[in-house]
1. In 5 Å bins starting at 0, how do the alpha-carbon pair distances of segment 100-168 split up by percent?
2. Among the trypsin sites (Lys or Arg not before Pro) in segment 1-89, which ones are in a DSSP loop with at most 10 other Cβ atoms within 10 Å of the Cβ? Mind listing them?
3. Roughly what would the spin-label model give for residue 124 and residue 3, points 7 Å off Cα along C-beta, in nm?
4. Using a 1.4 Å probe, what is the accessible area per residue for segment 8-56, in Å²?
5. Segment 1-133: percent of C-alpha pairs farther apart than 17 Å?
6. What is the magnitude of the charge dipole of segment 1-64 about its Cα centre, with +1 placed on the Cβ of each Lys and Arg, -1 on the Cβ of each Asp and Glu, and no other charges, expressed in debye to the nearest 20?
7. Over 27 Å between C-alpha atoms is what I'm after, so list which of 2/22; 13/185; 22/121; 13/121; 31/83 land there.
8. Probe of 1.4 angstrom, ligands and nucleic acids ignored: what's the accessible area per residue over segment 103-204, in square angstrom?
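The values are calculated or read from the model by the stated rules, or taken from the named source; none is laboratory data. It should be emphasised that the depicted structure is a prediction, and the values quoted were computed from it without experimental measurement. Counting neighbours? That spans all protein chains shown, and the Cβs are built from the backbone with ideal geometry, glycine included. Ligands, DNA and RNA are stripped out before the accessible areas are found, and what is left, the full protein with its side chains, is counted by its heavy atoms. Shrake-Rupley method; radii C 1.70, N 1.55, O 1.52, S 1.80 Å.
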Amino acid sequence: EKTYAAVISACEKAHQWPCALKLLLHMKHLKLEADSYCYNSTISACEKGGQWLRALALLSAMAAERVEADVISFSAAVASCEKGGAWAWALELMLRLRNGSIRPNVFSFGAALSACAGEEKIWSTSLLLLGEMRAQDVLPTMVSYNAALHACENGLQNALALELLSEARQQQLTPTSITYGAALKACMRGGFWQSAIWIWTCLCDMQSQGGDLASCMFALDACDGSGGPRPASSWVVSELRRQCAWAAVQRESSEISQAFSCLDILHE
């Protein structure tokens, strides 16, 4: 049994879900007892392979065979649903965790938050999950805030997205380029040109080459689409021109074309 467990774990680490699943089924055929470690490794292998339905089936099999599922089992299954775009199932699993005796951890919360991030109609669920993390003394990470911020931005809750950025900084967390990119998009949609300039500055401080072209254009639109001062907008334009020059060196013709198209619209 220990040998099977070790090999299944190796298959999981190698992203070989068919092999892990086959070994688990072979254990049952030989009437060997598969414990939670074997199941967890197989569920995790399915998660890495994008097999969310198989991950759910394995979780159900654990209950049927009276193998005790733990937070690792549920976290891997939630992550599998998140990767498969099955956000409703991810939230269902979190509900089962709440109703059971297993306490969700930062990984299960993180996977559930990521599952909500791409769905514009359930942005409020992301805020509820963040609140639940705090209530259960599970400290949100920057990944948690990134997912919630993206959910709010996706749901056109632009002011809330910027509040989450501010809250993350107050929690002494370090925003990433992903954080600032989503926040800049919220600024563009909400017309928050002052915030756009500040966020763009933070992003440039992080990156030796400055912000990427998409982020620069989000800042540009926030400044020029909301009555922002022309000097501020011109500063962003100069940064965009610098990015274009760098892209030219890298021969990224598609980015150059996109950037100059944006400049043409601005100066019409």
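1. Bins of 5 Å from zero give 4, 21, 32, 24, 13, 5, 2, 0 percent of pairs.
2. 31, 66
3. Output for this residue pair reads 5.7 nm.
4. Accessible area per residue: 52 Å².
5. So the pairs more than 17 Å apart make up 56 percent of the total in segment 1-133.
6. Rounded to the nearest 20 debye, it is 160 debye.
7. Numbers: 2/22 16 Å; 13/185 36 Å; 22/121 39 Å; 13/121 35 Å; 31/83 33 Å.
Beyond 27 Å between Cα atoms: 13/185; 22/121; 13/121; 31/83.
8. Working: 4430 Å² over 102 residues.
Accessible surface, normalised per residue, equals 43 Å².
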